[in-house]
1. So which residues in the range 438-457 are modelled with pLDDT under 85 and under 24 Å from V325 (Cβ atoms)?
2. What are the residues in the range 264-319 that are in a helix (DSSP H, G or I), over 20 Å from R375 (Cα atoms) and of a type in the set (D, E, K, R), if any?
3. Could you please find all residues in the range 385-404 being of a type in the set (A, V, I, L, M) and either at pLDDT below 90 or more than 30 Å from M68 (Cα to Cα) (or both)?
4. Could you check, for the range 78-92, whether at least one of its residues is part of a helix (DSSP H, G or I), open to solvent by less than 30 Å² (accessible area, probe 1.4 Å) and under 23 Å from S58 (Cα atoms)?
5. Restricting to the range 358-410, what's the tally of residues that are among the acidic types (D, E) and within 14 Å of A436 (Cα to Cα)?
6. Quick one: which residue in L155, L187, L147 is open to solvent by 10 Å² or more (accessible area, probe 1.4 Å), assigned to a helix (DSSP H, G or I) and among the hydrophobic types (A, V, I, L, M, F, W, C)?
7. Taking the options K449, K419, K437, K464, name whichever one is over 18 Å from V244 (Cβ atoms) and not in a helix (DSSP H, G or I).
Amino acid sequence: MIKKLFFDREFWRSAITLGLPVALQNLLMSSLSLVDTLMISQLGDIPLSSVGMAGQLSWMMQLVMFGMISGSSIFFSQYWGVKDIKGIRKVYGILITFALGIAAVFMVTGALFPKTVISVFNKDPEVIATGAEYLRIAVWSYPAVALTGIFSALLRSTENVKLPMWSSFVSSAMNAVLNWCLIYGKLGLDPMGVRGAATATVISAWSGTIVCFAISLIKKNLVISPMKEVFAYTKRDLADFFRVATPVIINESMWGLGTVSYNIVFSRMGYEYYAAMSIFRTMDGIMFTFFVGLCNACCVMVGKSIGAGRIEEARLTAKRYTFIVPALSLFTGIAVMLLRNPVVSLFSLTDSLSETVRSSAAAIIAIYGVEYVMRNIPYIQIVGIFRPAGDSSIGMKLDLIGVWAVALPLTVLSAFVLKLPFPAVFAVMVFSEDLAKVPLCILRYRSGKWIKPITEQGRASLEKAE
């Protein structure tokens, strides 16, 4: 059994080929956030917390779009299993239409009401003014973020994983250089502070999008598809798409809104604690990149197998990832706990951050390291296995239970009624959410009811298997 599960060369070849470039792409994207946070942290507690609060609008937008993209990836991967290129192009057109619409709504909101957005998190006038200054500029990156997400989803799902990685490399390199020049006024430029960070974000985001599109134009891949096929979708196509994708969109939107609600709780406890959360989120993004790669590989392999009617192959792939991800998460969590103090020290090289920020960041990173195995079990099950298999509604149900019925009420209670210290409130948040979701995910996986093909080949094979 162990040999069959873990010593299959073809499995590891596919996992590495599909997962490593995606992991590297996400590492590059996370490094963009790391560079922002490192450089802004040298300006002090208020700029760091203000920019983090301003970034919540982008975070929420990306989660709503991730719901659209994840829903699309169900179709992309299963259609790719039977090489239904016309079907892929129609879904691509639907995704372009609605994802860009979402980006436009968030962009207009941030441009017209920046102070209102920041005031949701904190009422300090200096925090609001600094955050609004950043947000007015940063919102112009939102369409680029949407297009990059669309291109990446299409390319990844059709096993073209290297191009998104290289476009992210260009974007990250551009961001690092521009941050250094614009925030601090290097190479003869005037120092712009948080406005410089926002400007660098906009330019670097568009540079990655342009590179991806330009190379696609040369390579003639699916990103450059005939417009008459991309926008040939019908009302029936839209109905089929949203039947499958709506639960995923609701899932990601509700989970994102829950995350924003957690952050409102932390920011209301004090902007120093939100600055600590900004450090934590940056570190979390870096260490999570490897698991994003694994999840993408799992998603493509499971979806492609089910779309092509190879049901038992999909089950075996899912079983492998169900064991692999928690095992690797254990080692990652231990490493995070051991390295928490050196990581935090990177953000305060000039003693620009208060002791409250540094000690709080170190404490919550240690707590997260302990909990890390539980955090990744629902992630690989919901995003990597259930969704590409066609079971798009289960994630929505589990997040409504884990976040909204359990974790968020307990977090609010511990912060404002019991008035527990910030690290304790953070622990309540992470442990209560995953303690609710992990058993339910395992039960769903063991039931086998998550296999729901959307192709004729897949449905026919499932009927035979049953």
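The values are calculated or read from the model by the stated rules, or taken from the named source; none is laboratory data. Quick caveat, the model's predicted, so the values are computed rather than measured. Positions of Cβ are backbone-derived with ideal geometry, glycine not excepted, and every protein chain shown enters the neighbour counts. In case anyone asks, the SASA skips ligands and DNA or RNA and just uses the protein heavy atoms, side chains included. Shrake-Rupley method; radii C 1.70, N 1.55, O 1.52, S 1.80 Å.
1. none
2. Those that are in a helix (DSSP H, G or I), over 20 Å from R375 (Cα atoms) and of a type in the set (D, E, K, R): R268, E272, K304, E312, E313, R315.
3. Scanning the range 385-404 gives A389, I394, M396, L398, L400, I401, V403.
4. Scanning the range 78-92 turns up at least one residue that is part of a helix (DSSP H, G or I), open to solvent by less than 30 Å² (accessible area, probe 1.4 Å) and under 23 Å from S58 (Cα atoms).
5. Within the range 358-410, residues that are among the acidic types (D, E) and within 14 Å of A436 (Cα to Cα) number 2.
6. Only one candidate passes the filter, namely L147.
7. K419
This table checks each residue for (1) among the aromatic types (F, W, Y); (2) within 20 Å of the chain's Cα centre (by Cα); (3) buried (at least 20 other Cβ atoms within 10 Å of the Cβ).
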site	(1), (2), (3)
M301	no, yes, yes
S329	no, yes, yes
G333	no, yes, yes
L338	no, no, no
N341	no, no, no
F347	yes, no, yes
Y368	yes, yes, yes
Q381	no, yes, yes
